[in-house]
Amino acid sequence: MSASKIVLSILRMCISVLIFLLVVFAVLKLSGRAYDLGYRVYTEKPMEALPGRDKVVEVSKDMSAAELGTLLEEKGLVRDASLFWIQMKLSAYSDKVKPGLYTLNTAQGYREMLQVMAAEESEEDEDGEQVAQ
């Protein structure tokens, strides 16, 4: 075997090992990020501790979940609009958010905000008390 063939085979082996290590590193990095995202979907804490601050949010009829997440992030009610979108899509309130004007609090979690925005409309009875429909 000539010296050039030996050098080429060693070089090929080094490149193969390097590519393998890069793939392993990428898989580890991506799996760590996927775990972090999955963990945050179910454990994300509210923006502030009680009593928090009230923020008024207007949800329009044609607003998508992504747009709602962006609006809540701009108002300081959630940390990450994309994370809120995932939380909403995985929740029981995915298609139940109704248009309207809502007062949300920075101490509320995403579930509580979605419950408020998906609540049934109510009317007042003769005594002025709220009655759910």
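The values are calculated or read from the model by the stated rules, or taken from the named source; none is laboratory data. A quick note: this is a predicted structure, and the numbers were derived from the prediction, not measured. Glycine also receives a Cβ, built like all others from the backbone with ideal geometry; neighbour counts cover every protein chain displayed.
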Restrict the check to the stretch 42-49 and report whether at least one residue is loosely packed, with under 10 Cβ neighbours inside 10 Å, in the same structural domain as ALA119 (by TED's automatic domain parsing) and not in a helix (DSSP H, G or I). no
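Return the residue satisfying two criteria in turn: it lies in the stretch 60-81 and is out of contact with any strand residue (DSSP E or B) (no Cβ under 8 Å at 6 or more places or on another chain) and closer than 24 Å to ALA49 by Cβ, and of such residues it is surrounded by the most Cβ atoms within 10 Å (Cβ to Cβ). Working first, answer last.
Here is the first cut: in the stretch 60-81, the ones out of contact with any strand residue (DSSP E or B) (no Cβ under 8 Å at 6 or more places or on another chain) are 60-67, 69-70, 73-74, 78-81.
Filter once more, so that each one left must be closer than 24 Å to ALA49 by Cβ: 69, 73-74, 78-81.
Working: GLY69: 22, GLU73: 17, GLU74: 12, VAL78: 27, ARG79: 14, ASP80: 15, ALA81: 17.
Filtering the stretch 60-81 for residues that are out of contact with any strand residue (DSSP E or B) (no Cβ under 8 Å at 6 or more places or on another chain) and closer than 24 Å to ALA49 by Cβ, the one surrounded by the most Cβ atoms within 10 Å (Cβ to Cβ) comes out as VAL78.
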Considering only residues that are closer than 16 Å to GLY69 by Cα and either charged (D, E, K, R) or in contact with a Gly (Cβ under 8 Å, 6 or more places away or on another chain) (or both), which ones fall in the stretch 33-58? ARG40, GLU44, LYS45, PRO46, MET47, LYS55, GLU58
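Looking only at the stretch 81-101, count every residue that is over 8 Å from the mean Cα position of the chain (by Cα), polar (S, T, N, Q) and farther than 13 Å from TYR42 by Cα and tell me the total.
Applying the first criterion (over 8 Å from the mean Cα position of the chain (by Cα)) to the stretch 81-101 yields 89-101.
Pick out the ones that are also polar (S, T, N, Q) and you get 91, 94.
Narrowing the set further to residues that are farther than 13 Å from TYR42 by Cα leaves 94.
Qualifying residue count, the stretch 81-101: 1.
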Out of (1) surrounded by 10 or more Cβ atoms within 10 Å (Cβ to Cβ); (2) under 22 Å from ALA119 (Cβ atoms); (3) not hydroxyl-bearing (Ser, Thr, Tyr), the one LEU37 does not meet is (2)
Going by the structure shown, is SER94 polar (S, T, N, Q), at pLDDT below 95 and surrounded by 12 or more Cβ atoms within 10 Å (Cβ to Cβ)? yes
Run TYR39 past the list (1) out of contact with any Asp or Glu (no Cβ under 7 Å at 6 or more places or on another chain); (2) in a loop (DSSP other than H, G, I, E, B) and report the number of the one that doesn't hold. (2)
